[in-house]
Amino acid sequence: MRRASKLHDWHRSLSVTRRTIADNAVIWSIAALCIWWVSRGIGFHEFLHTLHGARIALFVLVNLISVLMWWLGDTLLFSILFSHFHQKTTFRELLPATAAQYFIQAINLLAADGALIVFLNRRKGVKWLTAAWTLMFMGLIDALALSTAITVAALARPQSSIRAALPYSGAALAFLLLVALWWARGKPKTRPERWMYNRPSARAFREAGLGAYLLLGSIRMSMIAAQCVLYSYSVKAFAPQVPFAQVMALSPAIQAASNEPLTPQGLGPMQAVFVDGLSRFAPRDKILAAALGISVLALLCRLPFGIGAAGTFARKVLAIEAGQETGAADHAEAASIPAQQPSGPS
């Protein structure tokens, strides 16, 4: 505990730039350690030979479609979410904010939602905490959809390695359903429950009805199902002998690993799930090459968002800030001028 406290104090004493460098060094070290563990026993020349024999054009196309699908799908999803609980939000006006979110995901998954919080606060006048709680509600929808997908896949393909995740996904699904039912019931009994339920910022949780859960959940489930197909074609590009159904069954677990908040695009844990679940159908080097390629392409495809639409989003936020400051200055100047009395007849 003493060492941890000293480490925490040292971390806080760093400048913002050095702290960011230190955090990224730890994150990428963890990712590198995971990849080293998964790739042990695979020679470098063997790995390069795998790349030469792959259908690269198909692989790149499939992963470009994946990034675009998630960007546009998330834009639609969040526009519906924000319109339902706050002000009407169009698909087009939200595109720059989701582009900024996707760019930041290439660096820090936890910080990526900050772009949407800024959008809600600056463009829609939603308080910071209320915006954060709204995104937490979307997180509940995401967790429900993903745990449902893993549970269904484990039940549908008992011979797949995803079967081992059934107790965990089933328990998570039951717990999340109880959370949703607690909010929907709306009758907190104990003092801590009342404190939680009556938070002004928890508006999305209180106002969400069955229709909101079904609409948002169905959109997310459709995106998860489409990603399962895209994962299957990505693996086929490197290892065509892997059964399509096996990749489809394992895909929800792969997606869960790619969404873990520590490393960018789940780099490390995602490759571990790929290799552990599919290496009995094809050589490990081919499975690892496909898994690494998916993460690397996902990171590279997010970088252009920072040059294009994310820059537009940043400029709009700065323009709003400048407008607010100008308005406040004008108001203060007007207040400082004494009111002129009407002059009488000369």
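What follows draws every value from the coordinates through simple rules; no lab data is involved. All values derive from a computational prediction rather than experimental measurement. Reconstructed Cβ throughout: ideal geometry from the backbone, glycine too, with neighbour counts over all protein chains shown.
A few notes on this one:
- At R0 = 30 Å, FRET efficiency that the Cβ-Cβ distance of A226 and H52 yields, to 0.05: 0.50
- Distant alpha-carbon pairs in region 44-320 (separation over 35 angstrom), percent: 22 percent
- The phi-based Karplus calculation (6.51 cos²θ - 1.76 cosθ + 1.60; θ = phi - 60°) puts the 3J(HN,Hα) values of region 80-89 at 5, 4, 5, 5, 6, 9, 10, 9, 4, 10 Hz, whole numbers, x for Gly and Pro.
- Charge-dipole axis of region 181-222 as Lys and Arg at +1 and Asp and Glu at -1 on Cβ define it, positive-most pick from A204, P192, L215: P192
- Potential lengthening of the chain between R199 and L303 amounts to 33.7 nm, from the contour at 0.36 nm per residue minus the alpha-carbon distance.
- The separation of region 92-151 from region 263-281, counted between C-alpha centres, amounts to 25 Å.
- Point-charge dipole on Cβ atoms (K/R +1, D/E -1) for region 22-158, about Cα centre, debye to 20: 340 debye
- Summarising the label geometry, the points placed 7 Å from Cα in the beta-carbon direction at E260 and Q241 lie 2.9 nm from one another.
- Its Cα gyration tensor gives region 96-169 an equivalent ellipsoid, and the semi-axes of that ellipsoid, as √(5λ) in whole Å with the largest first, are 34, 14, 9.
- Listed pairs K88/K127; K88/K187; K236/K286 exceeding 18 Å between Cα atoms: K88/K187
- Difference of contour (0.36 nm per residue) and Cα-Cα distance, L210 to R12: 66.9 nm
- Size descriptor, Kirkwood hydrodynamic radius, that averages inverse alpha-carbon separations across region 133-213, Å: 14.0 Å
- Rg/Rh for region 199-285 stands at 1.13; both radii use Cα atoms, and Rh follows the Kirkwood definition.
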